[in-house]
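Before we start, here is the structure in question, set down as structure tokens.
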């Protein structure tokens, strides 16, 4: 283990950069790799490109001062110089819910071109069960001529962190580690103990580690779907679902999640398809996806029931991002809301403090400021992503607003209703 000194982190996104910075501050020489030249330039200046990620700016600056973190766009060259390669490149699904490997396949190709005998390669990207061995490992073997488990070591350790608290989660969550053989597992486990100063859970093989990560996400998706289904049923029976959840969760075996207008992001609405597309086509997982994706339509139908026809009504959606305080639109419920409102021939406006007007307009909607006089023309407000900016939002200027639909059940109901505006939530 003492010979493992140089680490290449492939992918300097919201998880890769924090990993690289932590490694670089824990005794390793780190080379970060990214295809985005601006990201590379920032890192080489000691700066983080990430927003709303506590502690990362200082950590990158510290690594820069130690000269222990550099960045490049040349993957093969970085891998050639490294003892350990950690891969954290996105794997998503396409419009047909099929796995999209384009980014990670490109990265694996370059890794294979630069890998040297004795290198430890660890994948952290969430992937379908079996891919580390059967897709990535075999591709590295094919191109490099090296044999996994013999000439290079191969391990899988899923990222398990949450945006806006990544450094905290890296410190507190144990790392799950699986290897292609005993030697790979031991090397990877020892590496993470030193690189993260945390605990490690060793599992039997690569596939167990891969499966565990997807199972975590599926659990959350199914639980949210249950909460959403119960919330819709509660609406029919004049019951407040938040009261139900608080009461129910006082029983230690009950862990009901909270309902909402939908589920977005790179993880929860994506990873269930890693099981569904490998044969788990019927059952709770598939049904959960259907329920969570229909919540946007449910919200629009409730709004129409409250205010009448939505044709030419001015609808303002608060939050383009898939969740609070994260500048990311992947699988955002706002996109489904936009689609459903447009089917009703409504005029759709969007506000999000994390995005520029140009970025918002690219989604075919009208960007507005909540501080502009135009809010007087808004008929319905829908909260989708509860950014910090909205915690202090006053609805007094919305003089024409008939209804506020609180898609996250967090807005001040009494204040809104005191203005003569109707309030609706999910299951309230």
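Each value in this text was obtained by applying a stated rule to the coordinates, not by laboratory testing. These numbers were taken from a predicted model, which means no experiment stands behind them. As a convention, Cβ positions derive from the backbone with ideal geometry for all residues, glycine included, and neighbour counts pool all protein chains shown.
For the stretch 64-84, indicate whether the set of residues that are exposed (fewer than 15 other Cβ atoms within 10 Å of the Cβ) and under 23 Å from the mean Cα position of the chain (by Cα) is non-empty.
Checking the stretch 64-84: not a single residue is exposed (fewer than 15 other Cβ atoms within 10 Å of the Cβ) and under 23 Å from the mean Cα position of the chain (by Cα).
For the stretch 126-171, give me each residue that is under 19 Å from the mean Cα position of the chain (by Cα), in contact (Cβ under 8 Å) with a residue 24 or more places away in the chain and surrounded by fewer than 16 Cβ atoms within 10 Å (Cβ to Cβ).
Those that are under 19 Å from the mean Cα position of the chain (by Cα), in contact (Cβ under 8 Å) with a residue 24 or more places away in the chain and surrounded by fewer than 16 Cβ atoms within 10 Å (Cβ to Cβ): 165, 168, 171.
Of everything in the stretch 291-324 that's without any contact (Cβ under 8 Å) to a residue 24 or more places away in the chain and under 17 Å from residue 229 (Cβ atoms), which residue is surrounded by the fewest Cβ atoms within 10 Å (Cβ to Cβ)?
If we take residues in the stretch 291-324 being without any contact (Cβ under 8 Å) to a residue 24 or more places away in the chain and under 17 Å from residue 229 (Cβ atoms), then 301 is surrounded by the fewest Cβ atoms within 10 Å (Cβ to Cβ).
Being more than 24 Å from residue 267 (Cβ to Cβ), touching a strand residue (DSSP E or B) at 6+ places or on another chain (Cβ under 9 Å) and touching a residue at least 12 places away in the same chain (Cβ under 8 Å) narrows it down to one of 44, 3, so name that one. Walk me through how you get there before you give the answer.
Details: 3 fails: touching a strand residue (DSSP E or B) at 6+ places or on another chain (Cβ under 9 Å).
Of the residues listed, the single one that is more than 24 Å from residue 267 (Cβ to Cβ), touching a strand residue (DSSP E or B) at 6+ places or on another chain (Cβ under 9 Å) and touching a residue at least 12 places away in the same chain (Cβ under 8 Å) is 44.
Quick check on my filter: what residues within the stretch 167-187 are outside any helix (DSSP H, G or I) and closer than 23 Å to residue 20 by Cβ?
Keep residues of the stretch 167-187 that are outside any helix (DSSP H, G or I), which gives 173-181.
Within the stretch 167-187, 173, 174, 175, 176, 177, 178, 179 qualify.
Which residue is farthest from the chain's Cα centre (by Cα), if the candidates are limited to the stretch 8-38 and must be part of a strand (DSSP E or B) and farther than 17 Å from residue 62 by Cα? Give the steps one after another, and end with the answer.
If we filter the stretch 8-38 for residues that are part of a strand (DSSP E or B), which is where we start, we get 8-10, 29-33.
Keeping just the survivors that are farther than 17 Å from residue 62 by Cα gives 8-10, 33.
Numbers: 8: 23, 9: 19, 10: 18, 33: 20 Å.
Out of the qualifying residues, it is 8.
Follow-up. Exactly one condition in (1) out of contact with any strand residue (DSSP E or B) (no Cβ under 8 Å at 6 or more places or on another chain); (2) closer than 28 Å to residue 299 by Cβ; (3) not in a loop (DSSP other than H, G, I, E, B) is false for residue 190; which is it?
Evaluating residue 190 over (1) out of contact with any strand residue (DSSP E or B) (no Cβ under 8 Å at 6 or more places or on another chain); (2) closer than 28 Å to residue 299 by Cβ; (3) not in a loop (DSSP other than H, G, I, E, B) leaves (2) as the failure.
Then there is this: Grab the strands (runs of 3 or more DSSP E) fully contained in the stretch 325-428, keeping just those with 3 or more residues being closer than 19 Å to residue 313 by Cα and in contact (Cβ under 8 Å) with a residue 24 or more places away in the chain. Steps first, please.
Working: elements: 347-351, 380-383, 403-406, 422-425.
It comes to 347-351, 380-383, 403-406.
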